[in-house]
1. For a test of understanding, tell me how many lysine pairs in the chain have Cα atoms under 25 Å apart, given they are 8 or more places apart or on different chains.
2. How far is the Cα center of the stretch 194-212 from the Cα center of the stretch 140-167, in Å?
3. So, in nm, how far is label Glu211 from label Asp59 when the simple model puts each one 7 Å beyond its Cα toward the Cβ?
4. Within the chain, which is the longest segment containing none of the chymotrypsin sites (Phe, Trp or Tyr not before Pro) that sit in a DSSP loop and have at most 16 other Cβ atoms within 10 Å?
5. May I ask for log10 I(q)/I(0) of the chain at q = 0.08, 0.13 Å⁻¹, from a Debye sum over the Cα atoms as equal point scatterers with solvent left out?
6. Relative to the longest principal axis of the C-alpha atoms of the chain, give the angle of the C-alpha long axis of helix 11-23, reported between 0 and 90° and rounded to the nearest 10°.
7. Rounded to the nearest 5, what % of DSSP beta bridges with both residues in the chain are antiparallel?
8. Using a 10 angstrom Cβ neighbour count of at most 14 plus a DSSP loop assignment to flag exposed GluC sites (Glu not before Pro), which longest range of the chain is free of such sites?
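Nothing in this text is a laboratory measurement; each read-out follows from the coordinates by a stated rule. A quick note: this is a predicted structure, and the numbers were derived from the prediction, not measured. For neighbour counting, all protein chains shown are included, and Cβ atoms are generated from backbone atoms with ideal geometry for every residue, glycine included.
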Amino acid sequence: MELIYIIEDDADIREMELYALESAGLTVEGFAESGAFFLRLRERVPDLVLLDIMLPGTDGMQVLKALRSDPATLAVPIIMVTAKTSEADKVRGLDSGADDYLTKPFGIMELVSRCKALLRRAHRRAAVFTYEGIELDDDRHCVTVDGQLVELTFKEYGLLKYLLQNAGAAVSRDRLMEAVWGFAFTGETRTVDMHIKTLRQKLGKYGAHIETVRNVGYRIGEQV
């Protein structure tokens, strides 16, 4: 399920955006400031971010720069949503790494349309995931290590793909169980651990990049 994070300090606008996107069949979470957003980001990287510029504390431009400087969120589509209307403001946001720009007030249909368009483009771009010498080609459904094909089971492939999609974030065993096995089986960790063990072995020297996060689960890549 595609996930969108909204960072907007105006409660009325945030609720309107949440309602519109959820009504369009999307999964959405809202945050009033950047601190709560970054805490949630450690648990899961979203598929799209709607980011207001005028935020309390760390403003939207600083959040944008932080997201674009982190390998885990470098490719996440970002729409700047702001009351600033000058061309200079728009250029500044786009030049800093935003993918699109919405000026308040905006229409609900336009918001939904732009989000869906960016999600479609992101899916086309994200067919190949790489980390160090590991490459996962989702179109061909294959994994190579230093250019050599590695045979993985369906579940091993699913685990690696999910970890790469969330590179840099600690992913809980329960979340891996739900994402890869298709159901939540709270407390059942042995199945995940066994598959991670064999996945590490098949990845050879790169298996060590799948780190165990104590009392949480696993992570691949630098910590967010």
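1. Summing the qualifying lysine pairs gives 17.
2. The stretch 194-212 and the stretch 140-167 have Cα centres separated by 11 Å.
3. Label-label distance for Glu211 and Asp59, simple model: 3.3 nm.
4. On the way: sites that count: Phe106, Phe183, Phe185.
The longest such stretch corresponds to 1-105.
5. -0.32, -0.80
6. 50 degrees
7. Details: 17 of 34 bridges.
The antiparallel proportion sits near 50 percent.
8. Numbers: sites that count: Glu132, Glu151, Glu188, Glu222.
Maximal segment without exposed cleavage sites: 1-131.
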